[in-house]
Amino acid sequence: MADVYFTEDHEWLRVEGGVATVGITDYAQEQLGDLVFVELPEAGRKVAKGDVAVVVESVKAASDVYAPADGEIVEANGALGADPALVNSAAMGEGWLWKMKLADESQLVGLMDEAAYKTHIG
Amino acid sequence: MNGEATRKLPLADLHEHAGARFGPFAGWSMPLTYPPGVMKEHLHTREHAGLFDISHMKLFEVAGRDAALLLSRACPLDAGALESGQSRLTFFLNLSAGILDDLIVTRLGPDRFMVVANAGNAASDEAHLRAVAAEFDCTVDPLDRVFLAIQGPEAWAVLSRAGIETGALTFMQGMEPRPGWFMSRSGYTGEDGFEIGLPETDARELVGKLLADDRTMWVGLAARDSLRLEAGLCLHGQDIGPETDPVTAALLWAVPKGLREGGSFIGADALRGVIARGASEKRVGLKPEGRQPVRAGAALVDEEGNAVGRVTSGGFGPSVGHPVAMGYLAQGIARPGTKVFADVRGAKIPVHVHALPFMPHRYRKG
């Protein structure tokens, strides 16, 4: 059973065996509106917590998505190249953004669970 | 153009009720999107009818014996030669021929004109027009109106069902169908459509009728921007401004030929100078390769990395299905087919100069 965490920047992480699948929340995709492009990271890229990992572009604006922890990108969601709107239709599922091998799982301490996140967005 | 939201639209309660997401624009809190979202709102406008609240824009009535003389002085326009009911795109220029604002002027009668100005410039436009009017026998009255746009191929049919016949108007014509109303067949989307200024009580009744027709949908400022960009239309303060003259902005077509040489409007001498010298750069359409949007502020460079221009508007075109942009390029290379590169967060995105508009205009011409 994977653990799911949420950040204050409206990202979710599903962690399984030291690898986190990362995406933006349904709340975030609603705020951004229809996505038309996702600038995906290369596999193998090392990121530190707070680095811009992905840029999502809506019709109107570009928005940064930050690495929620230190680690190495192992895969980007190639399906978003052809269909970036997957992030709108399935933010928590098929619209995931990237997978990363976590350098230090203790960085997950302090992230929110789903109930805490729901309170956070009101 | 973006500023702190200080003013609410008269119909703000209707937008809240419709579930709009608001954002600041030109000192107003404006509906940016409604629940269907920018993509659906944009496409609905091109297929059916989009309803826009553009009450942030300003209507001025210019009236009096010298009304035509005033407008012919303030704008590169032969206002006296306009027939009653004719509308024209024109400008207020400064002494350097820079564009203070772009306007639609409509002749309402022998001594009366309607001027439609941009929200961000409403206050400075009024001051400018009043200052110029001091030399003339006429009045300048800012009108207190709700201003609606209904745009799209079914706009005329929706208005007809709501009891408003539009058959007397073709593109760039305007009239006063009822007391206190001003209606023109024009818009900011490239589609057939209408802009209607009217008192708030009438506006509430009209909006109710229009939205009762399922061909009509509220459309926010986000889709208004993507629609106008596909149509190749300029946003003042972004694509044109006091630093841009009509030649550089590729808008010289809006200055009647006879006035380019002989006009005595404000900025005429400077404009003659630009025409004689030629502009050093020119506004063009830009089509980025691939799917990644190129946005306002991005620098344009050539193959060798030399600066050759800048992007002034950019985003995604829902109807054309690819990113669209416009900007300025050095004169020698500002022609369709030229390939340059936009700097987007350090990456160089290939961009091709593209003829404007991206989406063919579908105006109802006479």
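Each value in this text was obtained by applying a stated rule to the coordinates, not by laboratory testing. This structure is a prediction, so every number in the text was calculated from the model and none was measured. Here the Cβ is made from the backbone with ideal geometry for all residues, glycine too, and neighbour counts use every protein chain on show.
With only the Cα atoms considered, the stretch B:214-366 has a convex hull volume of 149 Å³ per residue. Across all directions, the shadow cast by the convex hull of the stretch B:97-144 built on its C-alpha atoms averages 4.0 square nanometres. The P(r) of the stretch B:214-288 has a tail past 17 Å containing 55 percent of all C-alpha pairs.
Ellipticity at 222 nm from helices only: DSSP H runs of n ≥ 4 in chain B, each -39500 (n - 2.57), divided by the residue count, give -6000 deg cm²/dmol. For the stretch B:54-155, trypsin sites (Lys or Arg not before Pro) meeting the loop criterion (DSSP other than H, G, I, E, B) and having at most 13 other Cβ atoms within 10 Å: B:Arg65. Spatially close Lys pairs in the stretch B:280-366, defined by Cα atoms under 19 Å apart and a spacing of eight or more places or different chains, total 4. Spread over its residues, the convex hull of the C-alpha atoms of the stretch B:23-120 is 132 Å³ per residue.
Size descriptor for the protein assembly as shown, Kirkwood hydrodynamic radius: 24.4 Å (Cα pairs only, one decimal).
First check a/c for the stretch B:144-226, with a ≥ b ≥ c the square roots of the eigenvalues of its C-alpha gyration tensor; if it is under 1.5, answer rounded, and if not, answer prolate when a/b is larger than b/c or oblate otherwise. Rounded, since a/c falls under 1.5. Computed over the stretch B:1-92, relative contact order equals 19 percent, with contacts defined as Cα pairs under 8 Å that lie 6+ residues apart. When only the Cβ of Lys, Arg, Asp and Glu is charged (+1, +1, -1, -1), the dipole of the stretch B:280-366 relative to its Cα centre reaches about 540 debye. With all projection directions averaged, the alpha carbon convex hull of the stretch A:3-117 covers 6.3 nm². With only the Cα atoms considered, chain B has a convex hull volume of 132 Å³ per residue. Taking only the C-alpha atoms of the stretch B:280-366, the Rg (one decimal) and the largest Cα-Cα distance, Dmax (whole number), read 12.9, 49 Å. Take chain A and mark each of the GluC sites (Glu not before Pro) that is in a DSSP loop with at most 15 other Cβ atoms within 10 Å; the longest unmarked stretch, sites excluded, is A:43-93.
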